[in-house]
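**Student:** Got a structure for you, questions after.
The values are calculated or read from the model by the stated rules, or taken from the named source; none is laboratory data. Fair warning: this is a prediction, and the values are worked out from it, not measured in the lab. With ideal geometry, Cβ positions are generated from the backbone for all residues, glycine too; neighbour counts draw on all protein chains shown.
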Amino acid sequence: MNKIQLFFHYLFRFIWNLIFVISYPILASFGLLFIGLTWIFSKLSQLLARIRPEGKKVTIKASDWETLPHTNELIEALEVKSIMFGPSGFKLRRVDGVPSILSDYVFGNKVRVIEEGLILEKWNSTDSKELPDFDICLYNPEEDSLRPLTNIKCFDWHVSERGERELFFKWFDGTQGGEVKVAL
């Protein structure tokens, strides 16, 4: 390299190092601030979720047949389908040995217990490409009946309100959300 090229080489290297030294603390501070705010909002969300529960929440784990809590030891679940980074599908059966309509379907792991029975996700398909496509159903254990309430095409849903003879479901699929009113 001649002296002019060498001069510009050192000049540009100095400018590049100067830009890096000046901008690095700003970028690092922004990263720490972003992580901190994300953590704060996560903890706030957990706190708000505990303040207003939507009923007795049941989470099923992958194992052998396992009795569902809050069902008076009436129903057991067995995992039959697990989607990577997604939900799991379960077969349900009654503990008392009575043949049930539940054994004909695959259900999601969200179970909500209300006075009228159990709110279940009845999967319409177990193919990963066709999910999420399920009906939210009301299972009445005394009559062994499964009544579809609504069809939702996302896994993020919850019971938002409960009226005299109606339920309100809120859902969000990552880009849009909505609310569905269902008569009991």
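**Student:** Looking only at residues that are of a type in the set (Gly, Ala, Ser) and outside any strand (DSSP E or B) in the range 136-180, which one is surrounded by the fewest Cβ atoms within 10 Å (Cβ to Cβ)? Don't jump to the end; show me each part of the working.
**Tutor:** Going through the range 136-180, the residues of a type in the set (Gly, Ala, Ser) turn out to be 145, 160, 163, 174, 177-178.
Filter again for outside any strand (DSSP E or B), leaving 163, 174.
Details: GLY163: 11, GLY174: 8.
Top of the filtered list is GLY174.
**Student:** Inside the range 89-117, can you point out the residues that are part of a loop (DSSP other than H, G, I, E, B) and more than 21 Å from TRP157 (Cα to Cα)?
**Tutor:** Of everything in the range 89-117, those that are part of a loop (DSSP other than H, G, I, E, B) and more than 21 Å from TRP157 (Cα to Cα) turn out to be VAL95, ASP96, GLY97, VAL98, PRO99, SER100.
**Student:** Take the residues of the range 95-123 that are touching a residue at least 12 places away in the same chain (Cβ under 8 Å) and surrounded by fewer than 17 Cβ atoms within 10 Å (Cβ to Cβ): which is nearest to GLU79 (Cα to Cα)?
**Tutor:** Of the range 95-123, the ones touching a residue at least 12 places away in the same chain (Cβ under 8 Å) are 95-96, 98, 100-103, 105-114, 116-123.
Next cut, surrounded by fewer than 17 Cβ atoms within 10 Å (Cβ to Cβ) only: 95-96, 98, 101, 103, 114, 116.
Numbers: VAL95: 16, ASP96: 19, VAL98: 20, ILE101: 17, SER103: 13, ILE114: 23, GLU116: 25 Å.
Only one residue tops the list, namely SER103.
**Student:** Still on this structure: Which one is nearest to PHE90 (Cα to Cα), of the residues in the range 32-59 that are modelled with pLDDT of 90 or more and either touching a strand residue (DSSP E or B) at 6+ places or on another chain (Cβ under 8 Å) or among the small types (Gly, Ala, Ser) (or both)?
**Tutor:** The residue in question is SER42.
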